[in-house]
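What follows is a set of notes on a single structure, which appears directly below.
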Amino acid sequence: MSVLDGKLKEDFEKFANDLRQKASVSSVVLAKTTVTLLKNLIGLDNKWTVANELMEIVRREGRLLIAAQPSETIVANMVKRVLKIIREDYEELKFNREISEIERKNDGYGSELQKLKDTIIDSIVELLEELDQSVHSIACEALNHIHLNDVVMTIGKSNTVEQFLKKAAKKRKFQVVVAECAPFYQGQELAASLAKDNIETTVIADSATFAMMSRVNKVIIGTHTVLANGGLKAVGGSYALSLAAKHYSVPLIVCAAVYKLSPQYICSIDQDLFNKFSSPHDVMKFSDGGNMFANSHVYNPVFDYVPPELVTLFIFNIGEIGRASCRERV
């Protein structure tokens, strides 16, 4: 049961409805919207007096948002991040040091602290600034990985990868091969955007990735989520691309902000929880088959699971991390 009222309740309900309707927004917008709503919730008067009350309210409202679209792990990640900020700021104000697990249980976050609300809101504002700068921070690493006359392959359209490639193109000349990512063809959008910046770009069918891989120096992709084991929940076609890269010993580099790190391990066998499903009309039109499809079930999954052993390197906005270190950080 929600404790909200007025405009903030409407904002939460609208965001939850957008999640249910699977509104198409970028991951950073999703993260910023979640954090902004929680910041406004924390700023309310007469809703809480001590940290444990605040954390219970954040958990309650966070669960409602997560339940609206369980496959959007970024919402859950941001709720957990805000809860972590509340705990850390409380401990800093009361103890002025990091405390042990036993001290946490004994204290229970039940002391009333005067500056707690202002301190938490300031920390959340810093988090929002970090989210704003995350793509730029990743793009600044581009020149360390893309060299003169490199041939880079990617798939679909990731804003992070797009800015990464454009940043490198300001000082290096290289070629980009983009798998089109059927049936949504987001790769064509990326190719058009790169071509406007005078980057030599070639669009290929997804089925041609293996044939082209022998000419490629490195594969650079984005991802929806980095799972607890270092695996990826990435756009459909990423698994086949990763297998081709592994076969030809081509390094696979993943560009992702830290807010995509998830403490969950979602098994790809559990497709209802792991995946989103788009309309099968893009894959197979009913009008093409008529009665032949009357008793058929056609699925159009949005994501692929990429095992951690296929990933060479992660580039986060806090720096580069190998797959083994990634598991530790998660």
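Coordinate-derived values only; no laboratory data. Owing to the predicted nature of the structure, the values given are computational and were not obtained by experimental measurement. All Cβ positions, glycine included, derive from the backbone under ideal geometry; neighbour counts span all protein chains shown.
Tilt of helix 51-68 relative to the longest C-alpha principal axis of the chain, in degrees (0 to 90, nearest 10)? Helix 51-68 sits at roughly 30 degrees to that axis. Of the candidates Gly108, Gly236, Gly156, which one comes out as most mobile in a Gaussian network treatment of the chain with C-alpha springs shorter than 10 Å? Fluctuation is largest for Gly108. Max-minus-min Cα coordinates of the stretch 129-220 on each principal axis give 39, 29, 21 Å, with the largest extent listed first. From most to least packed by mean Cβ count within 10 Å, the peptides 253-263, 112-122, 299-309 give 253-263, 299-309, 112-122. Springs between Cα atoms under 10 Å define the GNM used for the chain, and in it the highest mean-square fluctuation of Glu180, Glu200, Glu98 occurs at Glu98. Per residue of the chain, the DSSP helices (runs of n ≥ 4 H) give a summed -39500 (n - 2.57) that works out to -14500 deg cm²/dmol at 222 nm. Percent of C-alpha pairs per 10 Å bin in the chain, short distances first: 5, 23, 30, 23, 13, 6, 1, 0.
Measure nothing fancy, just the Cα-based angle from helix 159-169's long axis to the longest principal axis of the chain, in degrees from 0 to 90, nearest 10. Long axis of 159-169 versus the principal axis of the chain: about 60 degrees.
D by Stokes-Einstein for the stretch 1-123, Kirkwood Rh over Cα pairs, 20 °C, 1.002 mPa s: 141 µm²/s.
What dipole magnitude, in Debye to the nearest 20, does the chain give about its Cα centre under +1 on Lys/Arg Cβ and -1 on Asp/Glu Cβ?
Details: 39 positive and 41 negative charges, 126 e Å.
Result for the chain is approximately 600 debye, rounded to the nearest 20.
Only lysines eight or more places from Lys171 in sequence, or on another chain, were considered; those with a Cα closer than 20 Å are Lys196, Lys218. Distance distribution note for the stretch 158-200: the fraction of Cα pairs above 16 angstrom is 29%.
Counting Lys and Arg as +1 and Asp and Glu as -1 over every other residue whose Cβ lies under 9 Å from the Cβ of Leu37, the net charge comes to -1.
In percent, rounded to a whole number, the relative contact order of the chain is 15, using alpha-carbon pairs under 8 Å and six or more apart.
Of the trypsin sites (Lys or Arg not before Pro) in the stretch 16-84, the ones in a loop by DSSP (not H, G, I, E or B) with at most 15 other beta carbons within 10 Å are Lys22, Lys47. Straight-line cross-link partners of Lys14 among the lysines, defined as a Cα under 25 Å from its Cα and at least 8 positions apart when in the same chain: Lys22, Lys32, Lys39, Lys47, Lys80, Lys260, Lys276.
Diffusion coefficient of the stretch 65-221 by Stokes-Einstein, Kirkwood radius over Cα pairs, 37 °C, 0.692 mPa s: 172 µm²/s. Taking one quarter of the surface of the C-alpha convex hull of the stretch 202-252 gives a mean projected area of 3.7 nm². Against the chain, whose longest principal axis is taken from its Cα atoms, helix 27-42 shows a tilt of about 10°. An ellipsoid equivalent to the stretch 70-141, defined through the eigenvalues of its Cα gyration tensor, has semi-axes of 28, 15, 12 Å when rounded to whole angstrom and sorted largest first.
Taking a Cβ cut-off of under 15 Å around Val176, the surrounding Lys, Arg, Asp and Glu residues balance to a net charge of +3, with basic ones at +1 and acidic ones at -1.
When Rg and Dmax are taken over the Cα atoms of the stretch 135-175, they come to 9.5, 24 Å.
Highest mobility in the GNM of the chain, judged by mean-square fluctuation with C-alpha springs under 10 Å and restricted to Val29, Val298, Val82, is found for Val298. In the calculated pair-distance distribution of the stretch 137-276, the portion above 24 angstrom amounts to 27 percent of the Cα-Cα pairs.
Count Lys and Arg as plus one, Asp and Glu as minus one, and take only other residues whose Cβ is under 9 Å from that of Asn149; the net charge is then +1.
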